[in-house]
Structure formats: structure tokens, C-alpha cells
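Participant: First, the structure itself, so that you have it in front of you.
The values are calculated or read from the model by the stated rules, or taken from the named source; none is laboratory data. All values reported here derive from a predicted model rather than from experimental measurement. Positions of Cβ are backbone-derived with ideal geometry, glycine not excepted, and every protein chain shown enters the neighbour counts. Calculation scope for accessible area: heavy atoms of the full protein, side chains included, ligands and nucleic acids excluded. Shrake-Rupley method; radii C 1.70, N 1.55, O 1.52, S 1.80 Å.
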Amino acid sequence: MDAVSWLPLAPTTHHALQHEWAAAISRCSNVEEGRAVHARIVAAARHTDVYLCNLVIHMFGRCGSSGDARRVFATVRHPNDHSWTLLLGAYIQSGNVEAAKQVLDAMPRPNVVAWTLLLQGYADKGHLEAAKATFDAMPQPNIVSWTAMLALYGSNGNVEAAHLMFDGMPQYSLVSWNALLFAYAASGHGEKAERVFNAMPEHNLQSWCSMMSAFNEAGNGERAAALFQQMPGRDVVAWNSLLRARIVTGDLDAAKTTLVHYMPQHNLISWNTYMSGLAQHGAAGGGTAAAAAILDEAAGVFDAIPEWNVVTVNSMLSCYSQAGRLGDARQLFDCLGGRQDLVLHTTMFVAYAQRGHLEEAKVLFDKLPYCSLVSWNAMVVAYGQSEDVHGAHRLFSQAPHRNVATWNALLSVYARNGHLWAARALFDVMPARDLLSWNTMLAAYAHLGGDDECERGTEVVTSMAWEGTAPDEVSYLCLLVVCNHFGLLHTGCRYFASMASDYGLQPGKEHYSAMAGILGRLGLVHEAEGLITLMPCAADAVSWTALLGACHIHPSRQQLRRAHEAAKKVAALEPHSVAPHILLSAIAAPHE
């Protein structure tokens with residue numbers, strides 16, 4: 001039975017009729033049903049009833065028809081505050097925030113609910129300045145208004161402003177605590193998110209899931225999984241966070257077991273999380289055989305899932321690309337027809353470019369109905385991967401807009417193709433730089449700089465500090481590589497110690513290997529060996545090969561013993577590598 005057919009034509013009392021009209025309005029699930037019910041109300045001469053009109057305005061707003069809501073509002077002779085607020089809400093629900101602002105300006109007595117609805121409308125659109133102006137103009141913002149502003153700052157990545165907003169709140173709710181927690185979690189501030197989580201007077205499922213997400217974003221899947229075990233209750237969002245934790249730790253088998261055997265229910269996000277994990281692990285390398293195995297698993301999941309969206313298809317395209325199956329990737333892409341969107345186009349032309357098919361990539365790029373900055377940036381990088389530096393520069397010059405990622409893309413093209421001076425010239429004129437910009441320049445000096453460029457490379461990190469950009473682990477690795485190339489022992493030791501003392505960064509095995517290389521290059525082979533053996537993590541083949549190289553630079557009978565031990569370590573870690581045997585033979589030859 002629809003919302004109209006069961007309405008009585010002549011009910012006996014006013015209240016009974018009003019109740020039945022209200023029930024009919026609440027049953028409306030689309031605009032057509034709403035219009036039919038409203039037509040019956042008009043026919044019954046009840047179209048000036050403020051109570052019924054308010055219900056109809058709310059119903060049309062819920063169905064997304066602000067135009068119908070406005071027409072009904074216009075028939076009300078004496079709209080009350082609730083009528084105005086419902087009309088404003090209808091415009092917000094349809095996405096017309098400017099019309100909602102006009103309603104607020106026309107309201108005889110704007111109330112806190114109307115103000116908050118407008119604020120939330122600006123927040124949903126990401127209009128930070130307009131939202132802040134609305135908040136500042138509110139006579140008495142309530143906790144919902146404060147929380148909406150806090151969440152908006154968080155979604156824009158401005159966690160400092162979000163925390164200031166939180167500190168200024170006259171009172172807190174669980175929702176406001178969760179908004180601050182989510183702001184830190186989504187921005188990658190895992191330690192601050194944990195402090196907020198521990199300070200919260202209570203938690204709900206959203207709190208637990210946000211904290212798991214913070215651990216996952218920080219690459220700490222083990223802690224996310226441990227937190228899952230402490231949760232008093234779990235829903236599909238929590239299970240999806242555990243699935244993500246398994247992928248973050250690199251354990252695809254555990255992820256599959258969680259998905260198939262343990263999760264009580266799945267949604268599309270569950271399948272997409274697993275598919276994205278497969279694509280990420282395929283991109284991380286492992287050889288053709290590994291990519292083929294991941295592709296087989298991804299194809300099986302893709303065929304089995306009940307539904308898919310752009311994320312699912314994008315992961316499948318990535319898996320095909322990583323396995324070198326561009327034909328299959330293109331076949332899937334072409335099958336989508338009108339469902340091809342900007343993300344899928346970008347994935348497809350990047351797949352062509354990475355495999356050296358620049359012309360096919362360019363054809364797809366030119367067919368894009370709208371080229372986002374992501375597309376332009378990806379195409380600039382594609383030219384660079386094909387060693388077409390001039391093409392990359394030409395495309396960069398043609399881009400209608402540029403952000404820091406666009407500049408970084410061209411900077412990486414110059415660095416990747418050995419154009420150090422061009423990279424530095426571009427770097428010097430960049431309107432803004434981020435950590436990737438600095439690290440790209442540091443890496444260029446580490447791998448391309450000659451003797452006269454050594455000082456420039458080490459000066460970069462000083463300039464970073466002056467501009468307020470803190471170096472990360474990659475920055476320090478590049479610096480240590482520079483010091484290794486040019487035998488800068490004291491400078492290298494200073495940087496190595498600075499990681500922990502100045503920035504709280506823990507050196508990894510790559511940093512220990514680079515430092516061992518510096519020591520070995522300068523003849524301090526015994527010290528290099530000691531550093532490798534005292535590493536907090538197990539030394540890898542790179543570290544022992546660095547020691548072998550030091551023994552080769554400074555050969556002696558004592559070094560021959562160290563070389564034998566180092567060669568054994570490398571052979572155990574990489575049994576198919578011939579490099580340790582060649583180096584050992586070269587070291588032993590003068591002593592035979």
C-alpha cells in the first residue's frame with residue numbers, strides 16, 4: 001500500500017485527521033509520493049496548517065527537493081521558527097548552502113539550530129573560511145557547533161587549530177573527543193592520537209576504530225591488532241581495521257584468514273581493503289613470480305565478490321599492471337564503458353607509462369574529459385620514466401594549475417635522469433616546498449653530486465631547518481650516503497647522532513649500513529664491523545656487503561679474515577648472489 005491510497009476521505013475529528021496526514025507524510029520515500037500526499041492535503045484545504053506544512057517541508061528536504069520545500073513554505077501564512085529552520089535544512093540537504101544562508105538572513109529570529117545547520121553545510125562543502133565566519137557570528141554556539149568546527153579543521157589537516165578549538169570548548173562530549181581523536185589519526189599524528197585516546201573519559205566503537213586507524217597509518221599494524229583484542233565490542237568497521245592491520249604488517253596470509261574465516265560479516269570496504277593490500281604488495285616488488293601470484297589471488301577475489309566500485313577495479317588494474325598484463329588491464333578498463341572515471345583513467349595511463357608505452361599513455365591522457373592535477377602530475381612523471389625530460393618539461397609548462405606535487409614531479413624527473421643542475425635551478429624557484437621536495441634534492445646530491453657539490457648537499461639540511469621542515473629517516477639516509485661518497489667521517493657521525501637527539505628518529509639498518517660504509521671507506525674496518533654487529537636489528541646483506549667493500553678498499557691479512565666472515569653472512573642471506581664471491585676473490589688474490 002502506498003502513502004496515499006489508504007488515506008480516509010472524511011475522518012471524524014481534527015486530531016485524527018492530522019495524525020493520519022502526518023503518518024502518510026512520514027511514509028513518503030520519494031518526491032513523487034510526497035507531491036501526491038501534499039496534493040491531497042491541498043484538496044482537503046489543510047495546506048495552511050503550519051504543523052502539516054512543516055512535516056511536508058521536512059519530507060521534501062529529506063527527499064532532496066529543496067524547490068518543493070520552498071513552494072510549500074511559501075503557502076504558510078505565519079511560518080514559525082521551526083518552519084524557517086526546516087527550509088534552511090532542506091537547502092543544506094540539497095547542497096545549496098548559499099540559498100540556506102539567504103534563509104538564515106531572512107529569518108525573523110535565527111536560532112542556534114539554524115546557525116549550526118548552516119555551519120555544518122559549509123563544513124560538509126569544505127568551505128573553511130565561510131564556516132569560521134558563521135561560527136564567529138553565532139550569538140551562542142552550542143557543543144554541536146564547536147564540534148563541527150573542530151571536525152572541519154581536522155578534515156583540512158589543521159590539527160593545531162582543531163586542538164585549539166577543543167581547548168576553547170565550554171564543555172565536552174564523546175562526539176567532540178572523537179572528533180579530536182580522528183583529526184590526529186587521519187593526519188598521521190599517532191602519538192598525539194594515543195594521548196587523546198588515553199585521556200578520554202569514555203570510549204565507544206568509533207574511538208577504538210580511530211585509534212586502530214592511527215596505528216595503521218603509522219605503519220604499526222601490531223599495535224592496531226593488539227588494540228582490537230582489547231575492544232569490548234566489535235562491528236564491521238573494527239574488523240576492517242584489523243584486516244588493514246594485517247596488511248600493514250605485510251602478512252597477506254593472516255589478512256586472508258581474517259577476511260575469510262574470522263570476520264562475521266563483510267561489506268564492500270572489507271573486500272576493497274584486501275584488494276588494495278594485494279595491489280600495494282604487488283607494487284612493493286618481489287619479482288615477476290610474486291606479482292603473478294598476487295594477480296591470481298586478486299583475480300579470484302574480484303570474480304567472487306558480490307559487488308565492486310572504483311576502488312575495487314582500480315586495485316585490479318594495478319595488479320594486472322604490476323604483473324605486466326597490460327592487455328588484460330586494458331580489457332577490464334574498456335569493459336567499464338561509461339563507468340570509467342578520472343581515477344581509473346589515471347591508473348591505466350600510468351600503467352602504460354611505467355611499462356614504457358608512452359604513446360598509449362598519452363592517448364588516454366588526451367581523452368580525459370577533465371584533467372585533474374593528479375593526472376597532470378602523473379603524466380609529467382610518466383615522461384620522466386620514459387627518459388623524455390623535454391616532454392616532461394613541456395607538459396609541466398602546459399599545466400593550467402600547479403601545486404607542490406606538480407613541482408615535485410618535474411624535480412624528480414630531473415633528478416632521476418641525472419640533470420642535477422636543472423634540478424637545483426628548479427628547486428630554488430619553487431613557490432613552496434614540502435618534505436618530498438627536500439628529500440628529492442638530497443637524493444640527487446647523494447647519487448649525482450661530484451666533489452664540488454658535496455658542500456651544497458650538506459647545506460640542504462641546514463636550509464630545511466631554517467624553513468621549518470624537519471628531516472625524516474629518508475633525509476638522514478641521503479645525508480649519510482653523501483658523507484659516505486666523500487669520506488666525511490665527523491659530519492656523518494654528527495648526522496647519525498642527530499637523528500635521535502634532535503628529532504627523535506631511530507636509525508634503521510639502512511642508516512647503520514651507510515655509517516658502516518663511511519667508517520670502512522676511511523680504513524676504520526674494525527669499527528665498521530663493530531657497528532654492524534651491534535645493530536639493534538639483524539644486519540642484512542647490504543650491511544655485510546658494505547663491510548666486504550671496506551675490506552677490498554683496505555686489503556690486509558687481518559681484513560681477509562673479516563672478508564671471509566662477511567662473505568659467509570652475505571651468502572647465507574642471498575645464496576644466489578655472486579657478488580660476495582667476486583669481492584672475496586679480489587681481496588684474497590694479493591695474499592695467495
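Participant: Taking helices (runs of 4 or more DSSP H) that fall entirely within region 192-262, which contain at least 1 residues that are without any contact (Cβ under 8 Å) to a residue 12 or more places away in the chain? Can you show your working first?
Facilitator: On the way: elements: 205-217, 221-230, 236-248, 252-257.
Where helices (runs of 4 or more DSSP H) fall fully within region 192-262 and carry at least 1 residues being without any contact (Cβ under 8 Å) to a residue 12 or more places away in the chain, they are 221-230, 252-257.
Participant: For region 266-287, give me each residue that is of a type outside the set (A, V, I, L, M, F, W, C), modelled with pLDDT of 85 or more and more than 15 Å from residue 246 (Cβ to Cβ).
Facilitator: Of all residues in region 266-287, those of a type outside the set (A, V, I, L, M, F, W, C) come to 266-267, 270, 272-274, 276-277, 280-282, 285-287.
Next cut, modelled with pLDDT of 85 or more only: 266-267, 270, 272-274, 276-277.
Result: 267, single match.
Participant: Could I ask something else about it? For region 95-139, how many residues meet the condition of being over 19 Å from residue 60 (Cβ atoms) and among the β-branched types (Val, Ile, Thr)?
Facilitator: 3
Participant: Report, by residue number, each residue of region 93-125 that is open to solvent by 40 Å² or more (accessible area, probe 1.4 Å) and either in contact with a Cys (Cβ under 8 Å, 6 or more places away or on another chain) or assigned to a loop (DSSP other than H, G, I, E, B) (or both).
Facilitator: Start the filter on region 93-125 by keeping residues that are open to solvent by 40 Å² or more (accessible area, probe 1.4 Å), which leaves 93-94, 96, 98, 101-102, 105-106, 108-113, 115, 117, 120, 124-125.
If the condition is that a residue be open to solvent by 40 Å² or more (accessible area, probe 1.4 Å) and either in contact with a Cys (Cβ under 8 Å, 6 or more places away or on another chain) or assigned to a loop (DSSP other than H, G, I, E, B) (or both), then 94, 96, 108, 109, 110, 111 are the ones that fit.
Participant: Would you mind stating whether residue 90 is in contact (Cβ under 8 Å) with a residue 24 or more places away in the chain, of a type in the set (Gly, Ala, Ser), part of a helix (DSSP H, G or I) and surrounded by 24 or more Cβ atoms within 10 Å (Cβ to Cβ)? Working first, answer last.
Facilitator: Numbers: in contact (Cβ under 8 Å) with a residue 24 or more places away in the chain: yes; of a type in the set (Gly, Ala, Ser): yes; part of a helix (DSSP H, G or I): yes; surrounded by 24 or more Cβ atoms within 10 Å (Cβ to Cβ): yes.
When the stated conditions are applied, residue 90 passes them.
Participant: Inspect region 465-484 for any residue being under 28 Å from residue 397 (Cβ atoms) and either of a type outside the set (Asp, Glu) or open to solvent by less than 20 Å² (accessible area, probe 1.4 Å) (or both) and give the result as yes or no.
Facilitator: The initial filter retains those residues of region 465-484 that are under 28 Å from residue 397 (Cβ atoms), namely 467, 469.
Cutting the leftovers down to either of a type outside the set (Asp, Glu) or open to solvent by less than 20 Å² (accessible area, probe 1.4 Å) (or both) gives us 469.
Yes, that holds for at least one residue.
Participant: Now a separate question. Kindly provide the set of residues from region 150-166 that are open to solvent by 40 Å² or more (accessible area, probe 1.4 Å) and either in contact with a helix residue (DSSP H, G or I) (Cβ under 7 Å, 6 or more places away or on another chain) or under 12 Å from residue 196 (Cα atoms) (or both), ordered by number.
Facilitator: Passing the criteria: 151, 156, 163.
Participant: Could you grab me the full set of residues in region 126-145 that are under 26 Å from the mean Cα position of the chain (by Cα) and either surrounded by 13 or more Cβ atoms within 10 Å (Cβ to Cβ) or among the small types (Gly, Ala, Ser) (or both)?
Facilitator: Of everything in region 126-145, those that are under 26 Å from the mean Cα position of the chain (by Cα) and either surrounded by 13 or more Cβ atoms within 10 Å (Cβ to Cβ) or among the small types (Gly, Ala, Ser) (or both) turn out to be 126, 127, 128, 130, 131, 132.
Participant: While we're here: Exactly one condition in (1) outside any helix (DSSP H, G or I); (2) open to solvent by 50 Å² or more (accessible area, probe 1.4 Å) is false for residue 40; which is it?
Facilitator: With (1) outside any helix (DSSP H, G or I); (2) open to solvent by 50 Å² or more (accessible area, probe 1.4 Å) applied to residue 40, the lone miss is (1).
Participant: Same structure, new question: Enumerate the pairs (first residue in region 69-82 and closer than 18 Å to residue 105 by Cβ; second residue anywhere and outside any helix (DSSP H, G or I)) with beta-carbon separation below 7 Å, excluding pairs fewer than 6 apart on the same chain, so at least 6 apart or on different chains.
Facilitator: Within 7 Å, the pairs are 73/79; 81/109; 81/111.
Participant: Being over 12 Å from residue 566 (Cα atoms) and under 40 Å from the mean Cα position of the chain (by Cα) is the filter; apply it to region 531-555 and report the residue that is most open to solvent (accessible area, probe 1.4 Å). Break it down stepwise before answering.
Facilitator: Of the residues in region 531-555, the ones over 12 Å from residue 566 (Cα atoms) are 531, 534-538, 553-555.
Adding the requirement that they be under 40 Å from the mean Cα position of the chain (by Cα) leaves 531, 534-538.
On the way: 531: 38, 534: 140, 535: 18, 536: 101, 537: 46, 538: 78 Å².
By that ranking, first place goes to 534.
Participant: On to the next question. I'd like to check something: does region 191-198 contain any residue that is at pLDDT below 90, under 21 Å from the mean Cα position of the chain (by Cα) and not hydrophobic (A, V, I, L, M, F, W, C)?
Facilitator: Of region 191-198, the ones at pLDDT below 90 are 191.
Of the ones still in play, those that are also under 21 Å from the mean Cα position of the chain (by Cα) are 191.
In the following step, the residues that additionally are not hydrophobic (A, V, I, L, M, F, W, C) were identified as 191.
So far as region 191-198 goes, yes, one or more of its residues are at pLDDT below 90, under 21 Å from the mean Cα position of the chain (by Cα) and not hydrophobic (A, V, I, L, M, F, W, C).
Participant: Checking the condition within 20 Å of residue 476 (Cβ to Cβ) and surrounded by fewer than 16 Cβ atoms within 10 Å (Cβ to Cβ), which residue from 521, 494 passes?
Facilitator: On the way: 521 fails: surrounded by fewer than 16 Cβ atoms within 10 Å (Cβ to Cβ).
None of the others qualify; the one that does is 494.
Participant: Report yes if some residue within region 293-307 is touching a Phe, Trp or Tyr at 6+ places or on another chain (Cβ under 8 Å), free of Cβ contacts under 8 Å to residues at least 60 places away in the same chain, within 16 Å of residue 279 (Cβ to Cβ) and aromatic (Phe, Trp, Tyr); otherwise report no.
Facilitator: To start, the set of residues in region 293-307 that are touching a Phe, Trp or Tyr at 6+ places or on another chain (Cβ under 8 Å) comprises 295, 301-302, 305.
From what is left, the residues that are free of Cβ contacts under 8 Å to residues at least 60 places away in the same chain are 295, 301-302, 305.
Adding the requirement that they be within 16 Å of residue 279 (Cβ to Cβ) leaves 295, 301-302, 305.
Those still in the list that are aromatic (Phe, Trp, Tyr) too: 302.
Taking every residue of region 293-307 in turn, at least one turns out to be touching a Phe, Trp or Tyr at 6+ places or on another chain (Cβ under 8 Å), free of Cβ contacts under 8 Å to residues at least 60 places away in the same chain, within 16 Å of residue 279 (Cβ to Cβ) and aromatic (Phe, Trp, Tyr).
Participant: Among the residues of region 194-214, is there at least one that is surrounded by fewer than 21 Cβ atoms within 10 Å (Cβ to Cβ) and farther than 23 Å from residue 175 by Cβ?
Facilitator: no
Participant: Among the numbered criteria (1) open to solvent by 40 Å² or more (accessible area, probe 1.4 Å); (2) over 30 Å from residue 376 (Cα atoms), which single criterion is violated by residue 342?
Facilitator: The single condition residue 342 does not satisfy is (2).
Participant: Just to be sure I understand the filter: pairs with C-beta atoms under 9 Å, separated by 6 or more residues or on different chains, first member in region 356-367 and farther than 13 Å from residue 378 by Cα, second member of a type in the set (Lys, Arg) and modelled with pLDDT of 85 or more. Which pairs pass?
Facilitator: 360/330
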